[in-house]
Each structure stands twice: as C-alpha cells, then as structure tokens.
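Scroll down for the structure; my scribbles are underneath it.
The values are calculated or read from the model by the stated rules, or taken from the named source; none is laboratory data. Given the structure is predicted, the values throughout are model-derived calculations rather than measurements. Counting neighbours? That spans all protein chains shown, and the Cβs are built from the backbone with ideal geometry, glycine included. Calculation scope for accessible area: heavy atoms of the full protein, side chains included, ligands and nucleic acids excluded. Shrake-Rupley method; radii C 1.70, N 1.55, O 1.52, S 1.80 Å.
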Amino acid sequence: MFKLPKEVVDLINDPESIKIVATADEKGNPHCAVKDFFTLLEDGNLAFAEEFEGSQTNVNLVRAIWFAKNVELTVRGKDGTTYQIKGKPYKYFYTGPLFEKFYLAAREKWGPDSELAGVWVITPEEVKNETYEVRKKEEDKKHPFFRHLDRSSVRRTKIQNSKSEISN
Amino acid sequence: MNEVIHELSFEEVAKKYPDFPRTVIRKIDTSLRGVILTEKALEGAKEEGAFYDVSHDLGRETHKPVLGEVFFRDGTYLLGLNCEESRLKGKPYFLDLIDGKLWLLDGENLLEEVYFAPVPAFFRKKTSRGTPMIKVISSKVPNRISINIFTYCQFFREKLPCKYCSYMANGSFSRRKDEIHTPESLEDIYETVNEILEEEGKWTNINLISGSDPRGMHQSGAYRGNSPYENEVNEYIKVLKTLQRCFATQRIPAVNRNGSPSHQTVQGSLPVNAIASAFPREQQLRLKEAGLAVYISNIEVWDKKLFEWICPGKAKYFGRQYWIDSILSAVEIFGRGNVSTQLVAGAELAEPYGFKEMDEALASNLEGVEFFARNGVYTTFCILWVDRGSVFYREKQKLPPLEYYVKLAQGINKIRKKYNLNASYSGYRGDGFHLDMDLARLAP
C-alpha cells in the first residue's frame, strides 16, 4: 500500500490543521467539506468521521465506493504547509470499535446531543505537496514563462517606494 | 416460474446493469444462494466479539450460536447467513478468514472483503427478574431494536398463515411463557431498553413487531364487537406506554377529532415504528396518541387473486381492500412519509397460480408501488425466503432469478424519486432487507 510521508502523517494528526474532503456528485459537480475528526490507521489507511447520513459528502462517497471513483483530502497546517491526498473509499463503518471511538470523540467535542453517521476509511493512492512555496518552485521550473517579470526573483533591481509614488 | 428461462449469473447481471451497484447485486445473490461460514471464519467471529452462544439463555443443551451481522465494505448487509433451514438457489457462498481478513468466496475465488459487527453487550445481561435481555429484545442487528409485541399469529392458529411465513414454526428468541405482555414483561422491556441505550452510538431505531390478531370487537364476521384488531392494538399500546418512560419526548397539545384544540395532551412521537396488521382508523388514532411515529402495514402481494391465495389470513380478516384502505387511512394520521407497506417480492411467482413471466410480475408489483406512492405511502420490498416451517417450503417453491430483484429495485427506486418519498426508518442500516433502500443511499 502507498505510504504517506511522516510530515503528512504529523499534519493529519495535528488537531489544529484544517482538513477538507472533496468529492464529486453524479454529474461531476465538486463538493468540499471541512472535517474535524481525521486519523491515520495502523494499516496506512485514513479514517474520518462523517456527521450526517444524508450529507452530499456521504452520498458522493457511497457513489465513489460503489463505482470505484476517487476522492481527495486536503490538509493544511498552521504554517501553511498543505498536502493533497488522492485516494479511494475503502470501508464505511457505522458500528464496531472504530466507529465507537469516533462517536465518543464527537460526543466529547460537540456534547451529548451530537450526531455521527459513520466513519469512512480511505486508501491513499497519491500525495502531493501543495504548500505555496513548494508549488512556486515547481511551477517556476516547469513554466518559467508563466512568471510575472516584476517578481523579485526575475528582475535585477527593485523600484523602491513605488507604492508611495503612486499615492503621491 | 417458467423453467425454460435462462437465468443470468451474477457476472451477466452486473454486466447488463452497469449502473446498479455490484455490491447490492452480490447482496441479493448471497440471499438467494446462502452463505456458509468456515471454521476459521467462525473463530474470527469469536475473536471479534461477533459470536454469542444463546443456548443457555434459551435453556437448550445443544449450541445455538448467534452471529453479529456481516457487512460488505460499504456498510451493505450481507444476507444469506443462517441459511441451514432455507431453500436456496445454486451453490452457497463461503465466508473464510484469509491473511487475517474476512472474505466472501465463491468456491475458491475470493470475491469481496467483508467484516463482522460485534454482538451488542446486552446479550450477556439479565433484567432484575433474571430474564436474559436477549429474550426481551429480539434484535441482533446494529442500529435497530426489535420488540415482539406478542408471540403468536392468529392466522397460523387458524391454519391460514401467509404461505411464505415461518413465524410460528421457528423458535423465536423472544418466545415468552405468557403470550401477551404482563406488568412483569413490560418491566423487563423498560429495563432492557434503558440498559441498551447505555451502549453509546449503537441504536437509531425501534421496531415493534408481531403476528396478526384480528380479534377485537368487529361488528361482522367471526369476531363481533366494535373494532377489529383491537387485541393487537392493545398490546402495542402497552409497549408504547412502557417506552414513553425511556425517551425524552414531551407531551403535546391534543386536537379533537373535529380538528379543534383540546385541553388534553398526547404523547409526542417516540422513535418507534410498528410493523402491524391493518388497523381501522380509530385504532390508528390510539397508536398515534400513544406516541407511535411510523406505521408499517404490509400488503405483501399486490395482485388481487394472488393476495387471496398467498395471504389467506389477511384475505379473511378483512380482505385486500380493507388492508389497502387501512394503509391509506394511516397517511392522514401519521403523515406522508411516515407510512409504508412491503411486498414479499418473489411470492407472486410461486406455482401453480403465480405469474409465469418476470415482466408480468414486475408490472403488477410496480403498479402497486405507484398506487401507494400516489397516496403518500412508500413501498419497500424484501427478498422471498423459503424457510422451513412455511407452506412454500413444504411445496418446494423456487426462488426468483437474481435479475428479477435488480429490475424491481430499479423500478421502485424510480418511483421513489418521482414521488420524492423515502422511508429512512426502513433504511439500509436498519436490517438490510430492503434493496430499494440501499439504492436510496444516493439520495441526499
């Protein structure tokens, strides 16, 4: 199985990082949802909690597991480090020990009237670093003529106080 | 069924219907062919807490294992377990443990990874009266609690059972010494429900189930008096009143029969469905007032002549039109979306009087589904089981082809969408018997 790098695992396990699940409906319309409970399982799969059975994310995930479609998870840390993980839904639990673990965590966070429909397990197939600085370097190398010429890395000298000149 | 028809195999059906989820086709096929656990799989079930030997609770000397459910990866129920006393179609599937994972096999071919759900903790507990809780609540599935209202069916006693039914013939866990509920058995229900609600994140649904008892106070026919099926309703109300003590629903202002406000209050809806006989309006109102949220009354077979042949008890008490009228009347009381009925799909193909062609049978079923949908009633269907103890078992009736169920599920799903109806209380998580509800998972 594809193994996620340690930096990605740490980001996933960081409760303060933002996690987004992207899925598509029957017609290919995208749908993104922020998810609170994410974890990496011992077998290398990712698990996250789905709050509502009738949510668009859940419906799209059912379609994805039935018809072998991909989903995408984006995780972004406090310092802007961002990874995109492509994968396929592997399992859905609404009973059993993994579900109970997430259910109790949701109760602790949202209180005794909280709801949790199930836990999706995703098998990662590909990971990509989407952090701004990393992507900029990649793009500069790949598409040097897409760069703006006034960027500091392109132009020899930089005009000082250009902002104040305009305002004057 | 016409025996010369070539029945498509699983792969042929999956190829012919590429938009129909393979997992759901496989589920139908497991129901038709049955599933046998290998010794290793059984050991796996024990290790995962998905096995319970109920023999002691039932006072039996021989082992009586109860398994937690088995699911496909997507959470779809695998059907066809405990198939030892059923007539099946073709060779059964196997469940085996391979490299630490549970697999569904066809012969030696690994087909699908599946997983066990553990049995609930209440199985091992007793009420303060010493009653094993597994005898109080018959459910073993996750999400759904099932409570038997009473332990007999009057149609069986009069030798008029529905021909596919084995309710009275097979030993139910919840057989009690007393046929109807006593204050003590109701207290057992109260204790058990409270206990199982301690298992966090387990349950979403309560089903009340029973056989039929048309006795009551009917003006005409065998049972004279005021209202048919009153005995059955009385028992439902006893249990509903017991459940009122377990849930936080408030009493709400009542409305008089003429629609004007009343100074009295009635119980707010409890999270409870009744799978009941066809009750007259006044009895349905009593159930509503006791807090019943959902009323499910099963027509079983839509075709008029076949209904009378296959469900002679229902035909006698008090006929197909009475059952239909009762179901429609319930919509006014419980509301659109809170009433459903069910077809035992495949019974209408039984020999010698059943439909000879699949398409005729489908057309009949879908006519019924559309009729009910137009009137705000959702129709589910279950796969025919031919279990020991039923008339159909004795008659060696055959099961319909796999493709029949795929076409029926598609047809019902189309009608469900057209009328924007749903029946999440009978949803795929409840017991897995309703294939159309599997397809409803794609409805946000």
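Here the strands (runs of 3 or more DSSP E) wholly within region B:74-156 that include at least 1 residues being more than 12 Å from chain A (Cβ to nearest Cβ), modelled with pLDDT of 95 or more and touching a Ser or Thr at 6+ places or on another chain (Cβ under 6 Å) are B:93-98. Assess whether A:E100 counts as being of a type outside the set (K, R) and more than 14 Å from chain B (Cβ to nearest Cβ). The answer is no for A:E100. The set of residues in region B:274-286 that are open to solvent by less than 10 Å² (accessible area, probe 1.4 Å) and either among the polar types (S, T, N, Q) or assigned to a loop (DSSP other than H, G, I, E, B) (or both) comprises B:S277, B:A278, B:F279, B:Q283, B:Q284.
Among the residues of region B:219-251, the ones that are more than 17 Å from B:Q284 (Cβ to Cβ) and either modelled with pLDDT under 90 or open to solvent by 20 Å² or more (accessible area, probe 1.4 Å) (or both) come to 15 in all.
Residues of region B:70-87 that are over 20 Å from B:W103 (Cα atoms) and surrounded by 17 or more Cβ atoms within 10 Å (Cβ to Cβ): B:S86, B:R87. Give the residues of region A:123-159 that are assigned to a strand (DSSP E or B) and either away from chain B (no Cβ under 14 Å) or touching a helix residue (DSSP H, G or I) at 6+ places or on another chain (Cβ under 9 Å) (or both), sorted by residue number. Hits for region A:123-159 are A:P124, A:E125, A:E126, A:V127, A:K128, A:N129. Looking at the structure I just gave you, is B:L67 open to solvent by less than 50 Å² (accessible area, probe 1.4 Å) and away from chain A (no Cβ under 14 Å)? So B:L67 does not fit the description; no. For region B:407-426, taking the residues that are modelled with pLDDT of 90 or more and within 14 Å of another protein chain (Cβ to nearest Cβ), the one that is nearest to B:A117 (Cα to Cα) is identified as B:A409.
Please verify whether B:F392 is touching a Cys at 6+ places or on another chain (Cβ under 7 Å) and more than 14 Å from chain A (Cβ to nearest Cβ), treating the condition exactly as stated. So B:F392 fails the test.
For region B:407-434: of the residues being open to solvent by 30 Å² or more (accessible area, probe 1.4 Å) and among the charged types (D, E, K, R), which is nearest to B:P21 (Cα to Cα)? For region B:407-434, the residue satisfying everything is B:K407. Within the group A:D43, A:D79, A:D113, which residue is exposed (fewer than 15 other Cβ atoms within 10 Å of the Cβ) and either away from chain B (no Cβ under 12 Å) or in contact (Cβ under 8 Å) with a residue 60 or more places away in the chain (or both)? The unique qualifying residue is A:D79.
Rundown of residues vs (1) within 13 Å of chain B (Cβ to nearest Cβ); (2) farther than 19 Å from B:T23 by Cβ; (3) at pLDDT 95 or above, yes/no style:
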site: A:S55; (1), (2), (3): yes, yes, yes
site: A:N60; (1), (2), (3): yes, no, yes
site: A:I65; (1), (2), (3): yes, no, yes
site: A:I85; (1), (2), (3): no, yes, yes
site: A:L104; (1), (2), (3): yes, yes, yes
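Confirm whether B:R22 is free of Cβ contacts under 8 Å to residues at least 12 places away in the same chain, of a type in the set (D, E, K, R), within 14 Å of chain A (Cβ to nearest Cβ) and closer than 23 Å to B:G346 by Cα. Against the criterion (free of Cβ contacts under 8 Å to residues at least 12 places away in the same chain, of a type in the set (D, E, K, R), within 14 Å of chain A (Cβ to nearest Cβ) and closer than 23 Å to B:G346 by Cα), B:R22 qualifies. Taking the conditions exactly as written (part of a helix (DSSP H, G or I) and free of Cβ contacts under 8 Å to residues at least 24 places away in the same chain), does B:K414 satisfy them or not? Criteria met by B:K414. Taking region B:10-45 as the range and being over 21 Å from B:C382 (Cβ atoms) and either surrounded by 14 or more Cβ atoms within 10 Å (Cβ to Cβ) or touching a strand residue (DSSP E or B) at 6+ places or on another chain (Cβ under 6 Å) (or both) as the test, the residues that pass are B:A14, B:I36, B:L37, B:T38, B:K40, B:A41, B:L42, B:G44, B:A45. From the set of residues in region B:181-208 that are within 16 Å of B:R124 (Cβ to Cβ) and within 14 Å of another protein chain (Cβ to nearest Cβ), which is least open to solvent (accessible area, probe 1.4 Å)? Taking the candidates together, the pick is B:I196.
Filtering B:L343, B:L306 for residues that are within 18 Å of B:L384 (Cβ to Cβ) and within 17 Å of the chain's Cα centre (by Cα) leaves a single hit, B:L343. The set of residues from region B:161-172 being crowded, with 20+ Cβ neighbours inside 10 Å and at pLDDT below 85 comprises just one member, B:Y167.
Considering (1) without any contact (Cβ under 8 Å) to a residue 60 or more places away in the chain; (2) touching a Leu at 6+ places or on another chain (Cβ under 6 Å); (3) of a type in the set (D, E, K, R); (4) not in a helix (DSSP H, G or I), the lone condition that B:K40 does not fulfil carries the number (4).
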